[in-house]
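**Q** Please see the structure below; I have some questions.
Taken together, the values in this text are just the output of simple stated rules run on the coordinates, not laboratory data. Small disclaimer: the values here were computed from a predicted structure and weren't measured. Cβ atoms come from the backbone with ideal geometry, glycine included; neighbour counts cover every protein chain shown.
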Amino acid sequence: MAGERILIVDDNATNLKLVAYLMRANGYEVDTALHAEAALEALRNHRPDVILMDIQLPGIDGLELTRRLKADPATHDIVIIAVTAYAMKGDQDKALAAGCDDYITKPIDTRTLPETIARHLAGREVLS
Amino acid sequence: MRAQPIVTRGARTGSLVQREPFADSPLQLLVAEDSEDDFEILLRELRKGGYAVSAERVKSTGELEDALGRAWDLLISDWSMPGFGGLQVLETVAARGLDLACIIVSGTPGEEAAVEALRAGALDFLSKDKPRRIVPAVQRALREAADRRARVHVERELRFSEARYRTGFELAPEPLLAYDLDRRVILDANAKATGLFQCSRDDLRSADLHALSPPRQPDGRMSSEAAAHYIGRALTGESPAFSWMFQAHGEMIPTETRIINLATVGRNLAQINISDLRERLRADEIRRRSAELETQNRRIQEASRLKSEFLANMSHELRTPLNAILGFAELLHDGQVDPASPTHKEFLGDILISGRHLLQLINDVLDLAKVEAGKLEFRPEPVEVPRLVGEVIAILRTSAAQKQIRMETQLDPSVAELTVDPARLKQVAYNYLSNALKFTPQGGSVTLRVKADGEHRFRLEVQDTGIGIAPDDLGRLFVEFQQLEAGAAKRHQGTGLGLALTRRLVEAQGGSVGVRSTVGGGSTFHACLPRHVIAMSRTRTPVVFPPSQIGARTVLVVEDDVRDQAQLVAALGDAGYAVEIASTGAEAIAHWRAREYDAATIDLLLPDMSGLELLAALQSEATNRRTPIIVVTVVPDARLVAGFPVHDILHKPIDRESLLASLARAGVLTLQPEKA
């Protein structure tokens, strides 16, 4: 799993820093984006294996960005995990309906997030 | 010469055409006469006089009775006949109720007989000796008969018309009054009118309109004058219609009333038609209320939706800083960061910043909730604007200096002294200023102005040279959690509640907020408030927890946190103290002034003022000068309250034993209540 690439999209710089640190500490190559445009720019440079997607973003939000990526054959099989502070009833359904592969609420558990990501990557390898 | 018809009616009442000689149809003549000769003479005379005659002679009562079954214009009867007489003829005609002109002729005329005949209904009494008088007598009789018939007819018509009118009046579906415009009195009232005024017809008769009305009409006019006005108009021939308020047994009766001048009657009589509007108004009222309920329902649904949205946003906004706090804390705690590294310190800093952000968010939310619940008290007091503004500027001076932003103030001397809640005005100024500093780039400037706004209001304005706001976004500015997108710099800079809170604080004091802005040209936020705010929120009576026994010592608990309040009340109440609670500094001061307490506990973190401000305020009061104050705080540092007459400092969460021990040391002892 080491060396696999993760794109973290979050409009909150502090949270971005936290997750980026955690992922690097777990051996991932990390790209970050504060908004959807930056995420698309990052995707042009490197194709990640996983995207950790915040939902509330300025401009194009995380749900819309997910829909676009899942509709595009070039990005369609990237694992997208919603990581959001929207934790009310129905928010998970919205995320999954938009095409997210998983849904994790903030505050995140730094001890289990790496495992969750690893599980998704392992599952993807089995499928392919 | 043609006959002039006076009245022409149907066959029911018989022909009423006045018979003149040469009339088209022959004169229908019935003659009671025993002498054939006399009959012939009579006919000859009449024909000579120009009458076409269709005559029939009867010689007995039986024949007469038969003949009277048919229609006749005239009856001429001999006075004396064998077994039959003129008087008998007249009586027979009268007995059958016939309106038939009768003339008596007699071969032996006498005054007595003539009188008798005329009394019995004859129109004339002639002597057979003077046949030339026949024609004029017939003419006269026919004329009289026609006149009489016409008179009867008119009378009948009148009676009929009156009956019809009476029935129409009486049975009319609306209240009607017959009214004498000259004497200004009611002459009559129909059943609906007596029902409307709930009194008898006699009570209504001879009353005037204003006696049935309240002293004044809803538009303020005296009822007597207003009624006189409309009656005057009716007298000029108009039939005025107008809104009129009647009154019956204390109940107001709104009506549409119309005075119809019955000029045709010859006297100045009028009919007053009253249309009772109560039912209609009631129906309108029901419609209005149901519409109101619908609107209210929609509003409640909208409020409920907003509340859910608010909760979702709240959850989101609370989780965001918590994510950083817990995440970094876990990393540090789990040893994932080298404690000696700068990263370690950086992450601690992130935890602190996020923690403070969270605290600010919670404070703002609590304030908002209080304003919304009407529980935020405003304590207006005389305020010197330059001093207050100076204090706010002082707080923000450092952050302004860091961004090299020039802060200026322009204070209009005419509004240097106001009566406002200083804490709340500071909060408004602070929110606007800190907002302006956030969105103004390095080297810009922020100006705070206080100026007059009309005679009774003032305007606090904060102008910046910041990025400005797009017109479409202006409406969202003062709405909770509606932070505008301001690029990557957006997050972490505010709770999304500051402006919403500002708006609510200002509006709750009878003011208004607003903003003018152009993209790239900076923004000017303002708040307009009364120069002298009246304490509008209801004065809350202190929450008192009755002592378990008479003569208990009373402790004032100044504490805004509900759970801490409950803990203190439980601890003190169980020990037999009476407790009064103040949730804000302002409330505490009000209670402090109102009575003497045996002791007070004070939380240093209050929503409206710092604990130190409160201590200073309490110290300056004339009441409770010897009351021991126990400060209850999360940071028990004696240096915090140095210089204030504080009896003790206790640590939160409150330890029941140390609280009671502290009170005991202060000499505020109470007997233990009897255990139930």
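**Q** Which percent, nearest 5, of DSSP beta bridges in the protein assembly as shown are antiparallel?
**A** Taking every DSSP beta bridge with both residues in the protein assembly as shown, the antiparallel ones total about 50 percent.
**Q** While we're looking at this one, here's another question. Give, rounded to the nearest 20 debye, the magnitude of the charge dipole that region B:172-276 has about its Cα centre when Lys and Arg contribute +1 at Cβ and Asp and Glu contribute -1 at Cβ.
**A** Result for region B:172-276 is approximately 180 debye, rounded to the nearest 20.
**Q** Among rounded, prolate and oblate, which fits chain A when a ≥ b ≥ c are the square roots of the eigenvalues of its C-alpha gyration tensor, a/c under 1.5 means rounded, and a/b larger than b/c means prolate?
**A** Because its axes are fairly even, with a/c under 1.5, chain A counts as rounded.
**Q** With runs of 4+ DSSP H residues as the only contributors, calculate the mean residue ellipticity of chain B at 222 nm using -39,500 (n - 2.57) per run, divided by the residue total and rounded to the nearest 500.
**A** Dividing the helical sum by the residues of chain B leaves -13500 deg cm²/dmol.
**Q** Also: How large is the direction-averaged shadow of the alpha-carbon convex hull of the protein assembly as shown, in nm²?
**A** 71.8 nm²
**Q** Tell me whether region B:167-265 comes out rounded, prolate or oblate; compute the Cα gyration tensor, take square roots of the eigenvalues as a ≥ b ≥ c, and use a/c under 1.5 as the rounded threshold.
**A** It comes out oblate by the Cα gyration axes.
**Q** Tally Lys and Arg at +1 and Asp and Glu at -1 over the other residues with C-beta under 12 Å from the C-beta of B:Ile104: what net charge comes out?
**A** That works out to -2.
**Q** Sticking with this structure for a sec: Want the number for B:Glu346 to B:Met222: 0.36 nm per residue separation, take away the alpha-carbon distance, what's left?
**A** Length gained, B:Glu346 through B:Met222: 36.3 nm.
**Q** Using just the alpha carbons, could you tell me how many Å³ per residue the convex hull of region B:283-372 encloses?
**A** About 80 Å³ per residue, rounded to a whole number.
**Q** Which entries in the list B:Lys59/B:Lys128; A:Lys106/B:Lys426; B:Lys345/B:Lys426; A:Lys94/B:Lys370; A:Lys106/B:Lys438 go over 24 Å, if you measure between the two C-alpha atoms of each?
**A** Result: A:Lys106/B:Lys426; B:Lys345/B:Lys426; A:Lys94/B:Lys370; A:Lys106/B:Lys438 exceed 24 Å.
**Q** Rounded, prolate or oblate: pick one for chain B, where a ≥ b ≥ c are the square roots of the eigenvalues of its C-alpha gyration tensor, a/c under 1.5 means rounded, and failing that, prolate if a/b is larger than b/c, else oblate.
**A** Prolate, because a/c is 1.5 or more and a/b exceeds b/c.
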